[in-house]
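The structure appears below as structure tokens.
What follows is calculated from the coordinates using simple rules that are stated; it is not laboratory data. A quick note: this is a predicted structure, and the numbers were derived from the prediction, not measured. As a convention, Cβ positions derive from the backbone with ideal geometry for all residues, glycine included, and neighbour counts pool all protein chains shown.
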Amino acid sequence: MIHASPLPDVVIPKVPLFDYMFENAEALGDKPALIDGPSGRTLTYAQLEAGVRSLAGGLIAHGFTKGDCLALMSPNIPEYAIVFHAVAMVGGVITTVNPTYTEREVHHQLVDSHARIMVTVGMFLDTATAASVDTNIRDMFVIGEVPEGSDARPVTDLFGPPLSAPVPVTPDDIVALPYSSGTTGVSKGVMLTHGNLIANIQQVLIPAEFTSDDRFIAVLPFFHIYGMQVLMNCGLRVGATIVTLPRFDLEQFLQMHQVHGITRSFVAPPIVVALAKHPMVDNFDLSSVNQVFSGAAPLSASLALEAGARIGCEVVQGYGMTELSPVSQLTAPGQFKPGSCGVTTPNTELRIVDVATGADLDLDADGEMWIRGPQVMKGYLNNPEATAATIDSDGWLHTGDIGHVDSDGHVYVVDRLKELIKYKGFQVPPAELEALLLTHPAIADAAVIGRPDEEAGEIPIGFIVLKPGSEATADDVKEFIAGQVATYKRLGDVVFVDAIPKSASGKILRRILRDG
């Protein structure tokens, strides 16, 4: 059974990303496009477009041609958008690098992507330089001040005569090469085309009702597909103002909401936990916020309701993955259902498939989510085997996530297929137990993994972070869960930790817990 989107299809322009993104830049003129939160430094739409054109012209003068790859390793700052869209304008490929990566991880991405030029900031220059050894990187540029003694040059040296028109490209040409999180192995380059990015921006901003009056907070990283597309690109396309933060600090995050009158707050579940439970939230005026949008990892219904009640707006979620550019389900204003990640985006189809048999399942039955639509990636770079294992011959992307659809078309994600705990043949979703644990008054954060067990196969183990000043024993936590779940879902053990390891996008790094 194919579940078509209940939303009307949207028009997807067949144009280069630059033309699409900057169609309204001249009219927007002196309106702030991006504001650096810590300093207040502002880039208007006119300045943004001029910067993109000038850097694009300089790239061409530097010998950077269509299909060449540039690696960008930077926190969220206004210049990120200049570099990103200049590369797109010249028909290049931009691979966005996680600044918290180790030298080894950056090196892997540089080698795999065949990047020729690298752009970073001073604080990450040492890692970038060391990682670039024995790669195709020939030039290193720095946004801002170049540290003394470095051979790198300021990125302003790369600017040149403005490019009047983008290099001709097709919708199938690759423009972005983010790397998957690597929580299940070596990270893979995800090939996203001009058509992929434009399609997903259209699929998101129209039903989400983003407008030029919106003010976004951008603390989720632009190197990650969620920040890149939903915050940076959707925001700029619609003419909103985006306030950037280079890292998450709760006090600064809340202060930016108050100072700039943020209307849309884009977060991951750990930030929702803070919004729901941290006493500092009461010190700031968040009345301008009309929606909090959580992504990157599942958000429990109870946590969404708790946070929403506290700050006075809907806390909704969507669903997506890097391979989907990234959104395939979202919650439109006024369509909130607790626990749901919304409905399938326009121009997109969904199937719920039995993991064991491959048969389509009925409404409300849990199975693997398969997605087909114009946002599905072109494939994994240099990895046809992984591509074939993810996208079948009919164009369906097998997400590896378990979920179901209700009669209204709302989708509920239960868990990752590979993260399901198998207890005596029964499937135990960690996310379900984590959501319950977060309702305990003494628990600040939690994660659940399966531990191998000779008798049961696996038993659920809870990792718990207690709130400051709170107390709870392992037995307290186990009894709390035992009273709310079936016998096979009960926790076999509890481990108290200082923090739950998570990726930059907010996903629990279960492999670290398993290996620890």
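Summary of computed values
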item: Convex hull projection area averaged over all views, segment 230-306, Cα basis, nm²; result: 5.3
item: Long-range Cα-Cα pairs in segment 272-424 (distance over 18 Å), rounded percent; result: 61
item: Alpha-carbon centroids, segment 413-436 and segment 98-114: separation in whole Å; result: 32
item: Residues whose placed amide H lies under 5 Å from that of residue 119, excluding near-sequence neighbours; result: 71, 72, 73, 141
item: Translational diffusion of segment 340-450, µm² s⁻¹ [Kirkwood Rh, Cα pairs; Stokes-Einstein; 10 °C; 1.306 mPa s]; result: 102
item: Candidates per trypsin sites (Lys or Arg not before Pro) in segment 14-76, loop by DSSP, up to 12 other Cβ within 10 Å; result: 14
item: Over 31 Å (Cα to Cα) - which of 378/418; 277/507; 337/424; 378/489; 66/502 fall in this group; result: 337/424; 378/489; 66/502
item: Label-point gap, in nm, between residue 288 and residue 41 - each point 7 angstrom along Cα→Cβ; result: 2.1
item: Viscosity 0.890 mPa s, temperature 25 °C, Stokes-Einstein D of segment 85-232 from Kirkwood C-alpha radius, µm²/s; result: 145
item: Residue-wise HN-Hα coupling along segment 213-219, computed from phi with Karplus coefficients 6.51, -1.76, 1.60 (Hz; x: Gly, Pro); result: 7, 6, 10, 9, 9, 10, 9
item: Alpha-carbon centroids, segment 12-74 and segment 231-259: separation in whole Å; result: 18
item: Rg/Rh for the chain, where both radii come from Cα atoms and Rh is the Kirkwood radius; result: 0.96
item: Karplus 3J(HN,Hα) series, Hz, for segment 78-87 with 6.51 cos²θ - 1.76 cosθ + 1.60 (x for Gly, Pro); result: x, 5, 3, 5, 5, 5, 4, 7, 5, 4
item: Two-site label geometry, residue 365 and residue 386: point separation in nm, points 7 Å out along Cα→Cβ; result: 3.3
item: Pairwise Cα inverse-distance average, inverted: Kirkwood Rh of segment 1-124 (Å); result: 16.4
item: Inverse mean reciprocal Cα-Cα distance (Kirkwood Rh) of segment 272-337, Å; result: 12.6
item: Charge dipole magnitude, Cβ of K and R +1, D and E -1 - segment 48-105, Cα centre, debye nearest 20; result: 140
item: Gained length - residue 9 relative to residue 417, 0.36 nm times residue gap less alpha-carbon distance; result: 143.9 nm
item: Dmax and Rg, reported as Rg then Dmax, of segment 420-515 (C-alpha, Å); result: 12.7, 39
item: For the chain, the longest site-free run once GluC sites (Glu not before Pro) in DSSP loop states with at most 14 other Cβ atoms within 10 Å are removed; result: 210-453
item: Förster radius 56 Å - calculated FRET efficiency between residue 479 and residue 145 (Cβ-Cβ, nearest 0.05); result: 0.50
item: Convex hull per residue volume in Å³, alpha carbons only, for segment 25-90; result: 79
item: Relative contact order of segment 420-515, defined on C-alpha pairs under 8 angstrom at six or more residues apart (%); result: 27
item: Distance (nanometres) between label positions extended 7 Å along Cα→Cβ at residue 454 and residue 408; result: 5.1
